[in-house]
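J.: I am attaching a structure below and will ask some questions about it afterwards.
Bear in mind that the values in this text are calculations on the coordinates, not laboratory data. Note that the coordinates shown come from a computational prediction; the quantities given were computed from them, not determined experimentally. Neighbour counts are summed over all protein chains in view; Cβ atoms, including those assigned to glycine, are modelled from backbone coordinates with ideal geometry.
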Amino acid sequence: QTVLKSSDTHPDGYPTVEGVKYFGELVKERTAGRYAVEVYHSAQLGEEKDTIEQVRSGVIELNRVSMAPFNGTVKETIVPALPYIFRSEEHMHKVMDGAIGDQIKAAFEPAGLVALAFYDAGARSFYNKQKPINSVADMKGLKFRVIQSDIFVDMVAALGANATPMPYGEVYSAIETGVIDGAENNFPSYDTAKHFEVAKNFSLDEHTILPEVFVMNKAAFDKLTPEDQAIFKQAAKDSVAKQRELWAAKTAESRSKVEAAGAKITTPDKQGFIDAMNPVYDKHITDPVLKKLVEDVQAVQ
Amino acid sequence: MPAKLERSAKALSWLSTLSLWLAGAGLVVMTAIVAWQVFCRYVLNDSPSWTEPGAVMLMSWFIFLGAAVGVRENYHMGFDVLLYVMPKGGKAWLRMISDIVAFAFGIGMVWYGSQLVMLTWNTTLPSLRISGGWDYVPLVAGGTLICLFSLERMVLRLAGQPIDDILDELPPAEVAAELDTAKVKA
Amino acid sequence: MEILILFGVFTLLMLIGTPIAFCLGVASFATVLYMGLPPLVIFQRLNSGMSVFSLLAIPFFIYAGDLMVRGGIAQKIIAFAASLVGHIRGGLGQVNIVTATLFGGISGSAVAEAAAVGGVMIPQMKQRGYGADYAVNITSMAALIALMLPPSHNMIIYSISAGGKISIADLFTAGVIPGLLYAAALMVTAYFVARSRGYPTEPFPGFAKVGQYFLISIPGLLLIGIIFGGVRSGVFTATESSCIAVLYALAVTAFVYRRMTWNDFVHATFGAVRTTAMVLLIIGMAAAFSWLMAFLRVPASLIAWMNTISDNPIIILLLINVLMLVLGTFMDMGPTIIICTPIFLPVAVAYGIDPVHFGVIMILNFGIGLNTPPVGAVQFVACAVGKISVWEAMRSIWPFYAAGLVVLGLVTYIPALSLWLPSVFK
Ligand code: NA
Ligand code: NA
């Protein structure tokens with residue numbers, strides 16, 4: 001039996017971890033126990049940037065990571081990461097399950113990776129301690145912690161707010177003391193990181209609906225027989241449905257929990273936010289391949 | 001000391017001093033960068049996104065440069081309990097093994113550090129907009145210096161230079177520290 | 001076999017006096033070579049283990065400390081403190097602990113605290129005739145107060161590792177009484193050790209002198225206020241405050257006390273480079289070593305074994321504490337919390353232990369592990385600042401370990417110490 005090692009930064013029981021575990025069960029069953037998957041959750045093997053290098057160099061075979069760290073390597077991943085590119089989660093599912101998703105998956109191969117599946121990671125929205133956000137004007141002057149990404153920094157600037165990159169572990173106390181006014185994330189992270197305790201205004205602007213990616217080392221994948229390759233691909237596809245189900249349940253649970261704890265959730269008018277993104281798109285989408293990809297995504301109904 | 005050995009020892013001494021100055025400059029610039037980050041956010045209300053990764057990258061440089069100098073100046077911390085009770089000849093052998101260990105690890109830093117540079121050369125670091133390979137260049141540079149400095153110690157020892165005697169004759173760390181403090185104006 | 005190589009090579013090299021950083025690195029290197037894994041992962045972990053923004057607090061607080069010592073700030077603060085409590089036996093040790101408690105309220109990092117307080121206090125204690133080992137041990141043990149008092153990043157890591165089912169506000173509040181209890185236990189221990197060693201007392205100089213020393217030391221003391229005020233009012237984060245400390249120390253020594261010459265500045269800078277390079281190299285190497293332990297499932301196998309031993313909650317808590325102490329000996333705090341919380345917490349909860357209470361136990365336990373070789377970041381910092389070997393510190397640290405373990409026992413078996421204060425705020 002060959003045991004394949006997979007990394008995840010989320011804790012045990014998190015939908016992405018459970019999705020990969022389910023993938024492992026299916027693979028084990030369908031290869032009659034010749035292959036099994038062991039998930040190293042909770043960033044035991046390192047943060048995403050590190051585990052990506054590990055899976056590319058073959059230290060581990062599998063990895064579940066977000067797509068943002070690939071923006072510098074696999075340029076096609078920039079498109080789904082664009083702010084307000086997806087109108088809704090349904091729109092995202094349609095795009096990523098279809099031909100465009102396959103095009104993005106194929107783009108991982110030159111980096112030595114096989115993208116097996118896209119997993120749900122929900123929609124990221126802004127939250128802050130100052131005031132509810134109902135329009136772009138309300139964003140003016142607020143300081144938000146964002147991840148280390150030029151697109152995010154430019155998005156926040158385009159909305160009239162101030163982006164402050166900062167280590168994730170410092171965000172809670174930084175909001176509490178007022179170094180920053182807030183941050184942005186999905187409901188489960190807003191809940192588990194306890195940021196709802198210090199930043200009560202959650203504005204459902206859903207600026208990014210970026211799925212996460214489940215990748216395999218290409219050399220390890222190529223070593224499989226064509227039959228096994230098909231089994232792996234099908235098992236990954238089957239695990240997506242399971243993961244989406246778990247994710248939806250997790251989001252609903254977190255949302256009701258933060259609401260019970262006093263978080264105020266508002267739904268701002270999204271059009272103003274979308275309109276403000278034109279300069280961001282102009283700056284980051286100069287490559288003709290990406291321009292075409294953006295148009296294709298927007299054309300999906 | 002043979003003239004050739006003396007010349008290379010001089011060159012390495014110069015290299016070590018240069019590394020120390022570069023590392024010190026790195027620390028000063030790092031201070032300036034983080035101060036600039038606070039100033040921009042609080043006074044200009046506009047946070048630059050390059051300050052954090054920039055400061056962290058400078059930190060790798062000064063750690064690896066400073067660590068390499070530490071090999072030459074022999075200030076890395078270890079359990080020296082066995083060294084205290086060993087006879088002189090045995091001590092030299094144990095120190096030889098430690099130098100070989102440092103040398104071997106330095107080789108690893110250069111070899112695998114270069115592989116990491118190549119693996120990540122085509123990636124781009126967010127905010128800094130330079131190749132991701134730069135993350136690992138300090139590792140390679142530090143490894144090169146560690147190899148050179150540990151090799152120097154081995155060669156000098158084999159050439160019969162009294163590098164270990166100097167260590168043995170140094171006052172215990174505690175007293176040396178007192179001497180150092182005494183040098184500071186009270 | 002892999003585990004044997006990892007620990008065997010490490011122990012062997014450590015015994016022959018190889019620097020600890022290289023013991024950790026080469027043991028990990030040898031193990032991956034044996035396992036046939038690409039060795040580049042060791043060097044990647046080394047690099048990323050030290051490339052963490054929050055670690056900047058270590059060089060900055062060490063640098064600020066060096067500047068304060070070279071530029072006369074430290075001497076003036078200590079002169080004031082000594083005039084105030086120097087007539088109590090072991091007075092500077094007590095001052096060290098009280099200072100650490102004050103600093104603990106502004107810093108969440110025990111490593112940074114050891115650098116900040118130790119950088120000021122250890123040279124002064126040595127100058128006034130205290131043994132370097134005594135000064136180092138008091139500093140390293142007192143630094144753990146920073147973990148217990150808010151703010152504490154490690155408590156946030158614990159909460160996130162527990163799947164976010166634990167309120168960080170409750171955790172912060174729960175740590176206060178155990179933290180103060182721990183400080184008190186250290187002060188008592190410091191008193192008795194000082195008495196048995198016959199450390200000198202100093203004559204009480206009179207209130208006029210105390211007032212005079214206070215006035216002279218105000219510009220230096222203001223630093224605590226600036227850090228505290230700056231962090232509390234949100235001008236800068238805890239990590240950034242360490243950089244502000246450097247700038248402030250430089251400004252006061254150069255322009256107020258006018259003691260900082262170019263030569264002093266260069267020496268302080270080189271001193272900070274040497275100390276931090278040494279400490280952070282060990283932290284990076286330890287990250288590689290810890291990665292391999294996780295990869296080899298060492299912690300998980302330990303716990304599987306523990307579950308077969310007993311079902312008495314008192315015994316289980318004792319076992320968990322002993323196992324965590326062992327793991328903390330070999331691993332760094334952050335990764336240990338992340339790996340152990342999902343495994344130990346369900347066991348603890350099954351035996352009726354409140355998750356907030358368990359978090360305080362875990363933080364204090366792993367905190368003590370920061371002061372145990374071979375992987376003890378706080379101890380390494382304190383030793384580096386005190387310029388003594390870990391071995392020298394270990395010879396006389398036992399009374400302080402005993403104090404820490406007694407408090408750990410009290411915190412473990414008296415839940416009210418942790419849970420009463422949070423209940424008041426509800
Ligand atoms: Na604290
Ligand atoms: Na330890």
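J.: Membrane-span-like helices in chain C: DSSP H runs reaching 27 Å or more (Cα, own axis), mean Kyte hydropathy at least 0.5?
T.: Values: long enough: C:176-197 (31 Å, 1.23); C:207-232 (33 Å, 1.49); C:262-295 (49 Å, 1.24).
Long hydrophobic helices here: C:176-197, C:207-232, C:262-295.
J.: Can you tell me, using C-alpha contacts under 8 Å and at least 6 residues apart, the relative contact order of chain C as a whole percent?
T.: Over chain C, the number comes to 26 percent.
J.: Taking the Cβ of each residue in B:124, C:11, C:275 as the centre, tally the other Cβ atoms inside 10 Å and list the residues starting with the fewest.
T.: Fewest-to-most Cβ neighbours within 10 Å comes out as C:11, B:124, C:275.
J.: Shifting gears a bit: Considering Cα pairs under 8 angstrom that are at least six residues apart, work out the relative contact order of segment B:3-169 and quote it in whole percent.
T.: Relative contact order of segment B:3-169: 25 percent.
J.: Can I ask one more? Cα gyration tensor of segment A:156-301, axes a ≥ b ≥ c as square roots of the eigenvalues: rounded (a/c below 1.5), prolate (a/b > b/c) or oblate? Spell out each step's value before the answer.
T.: On the way: a/c = 2.03, a/b = 1.38, b/c = 1.47.
Oblate, since a/c reaches 1.5 and b/c is not below a/b.
J.: Further, regarding this structure: Going by C-beta contacts inside 10 Å, put B:150, A:66, C:152, C:233 in order with the fewest on the left. Could you put the intermediate results ahead of the total?
T.: Numbers: B:150 24, A:66 18, C:152 27, C:233 11.
So the residues, fewest neighbours to most, are C:233, A:66, B:150, C:152.
J.: I've got another one for you. What spacing in nm lies between the two simple spin-label points modelled at residue A:129 and residue B:43, each 7 Å away from Cα in the Cβ direction?
T.: Each label point is offset 7 Å from its Cα along the Cβ direction, giving 2.4 nm.
J.: What does the charge count around residue A:73 come to, taking other residues whose C-beta lies under 11 Å from its C-beta (Lys +1, Arg +1, Asp -1, Glu -1)?
T.: Net of charged neighbours comes to +1.
J.: Apply the a/c threshold of 1.5 to the C-alpha gyration tensor of the protein assembly as shown and tell me whether it is rounded, prolate or oblate.
T.: In terms of gyration-tensor shape, prolate.
J.: Starting from the Cα of residue C:256, step 7 Å along the direction of its Cβ; do the same at residue C:312; then give the gap between the two resulting points in nm.
T.: In this crude spin-label approximation the distance works out to 5.8 nm.
J.: Once you place label points 7 Å from the Cα toward the Cβ at residue A:29 and residue A:97, how far apart are they in nm?
T.: A separation of 2.0 nm, rounded to one decimal place.
J.: Still on this structure, I have one more. Mind giving me the FRET efficiency for residue C:351 and residue A:229? R0 is 51 Å, r the Cβ-Cβ distance, nearest 0.05 is fine.
T.: About 0.65, to the nearest 0.05.
J.: Further question on the same structure: Apply 1/(1 + (r/R0)^6) to the Cβ-Cβ distance of residue A:289 and residue A:267, taking R0 = 35 Å, and write down the FRET efficiency to the nearest 0.05.
T.: Here the calculated transfer efficiency is 0.50.
J.: If you average the sequence gap of Cα pairs under 8 Å that are 6 or more apart and divide by the length of chain A, what percent do you get for the contact order?
T.: 26
J.: Also, I was wondering about something else. Which distance in Å, rounded to a whole number, links the C-alpha centroids of segment A:154-184 and segment A:219-277?
T.: 24
J.: Do the sum for chain A: with -39,500 (n - 2.57) for every DSSP H run of n ≥ 4, divided by all residues, what is the mean residue ellipticity at 222 nm, to the nearest 500 deg cm²/dmol?
T.: Working: 13 runs with 134 residues, N = 301.
Result for chain A: -13000 deg cm²/dmol, rounded to the nearest 500.
J.: Still on this structure: In whole Å, how far is the Cα centre of segment C:26-40 from that of segment C:114-130?
T.: What the calculation gives is 40 Å, centre to centre.
J.: Using each residue's phi in segment A:192-208, evaluate 6.51 cos²θ - 1.76 cosθ + 1.60 at θ = phi - 60° and report the 3J(HN,Hα) Karplus result to the nearest Hz, with x for Gly and Pro.
T.: Values per residue, Gly and Pro as x: 5, 7, 6, 5, 5, 5, 10, 10, 8, 9, 9, 10, 6, 8, 6, 5, 10 Hz.
J.: Rounded to the nearest 0.05, what FRET efficiency do residue C:406 and residue B:111 have when you use their Cβ-Cβ distance and R0 = 51 Å?
T.: Here the calculated transfer efficiency is 0.55.
J.: Per 10 Å bin, what is the whole-percent P(r) computed from every C-alpha pair distance within segment C:39-424?
T.: Whole-percent P(r) values from 0 Å outward: 5, 24, 33, 25, 10, 3, 0.
J.: Still on this structure, please answer the following. Tell me which residues come under 5 Å, amide H to amide H, from residue A:185 once H is placed; ignore anything under 5 positions away on its chain.
T.: A:125, A:127
J.: To continue, here is another question. How large is the helix-only mean residue ellipticity at 222 nm for chain C, computed as the sum of -39500 (n - 2.57) over DSSP H runs with n ≥ 4, divided by its residue count, in deg cm²/dmol to the nearest 500?
T.: -25000 deg cm²/dmol
J.: Moving to a separate point now. If each residue's Cβ is checked for other Cβ atoms within 10 Å, how do C:243, B:40 rank with the fewest at the top?
T.: Details: C:243 27, B:40 16.
Fewest-to-most ranking of C:243, B:40: B:40, C:243.
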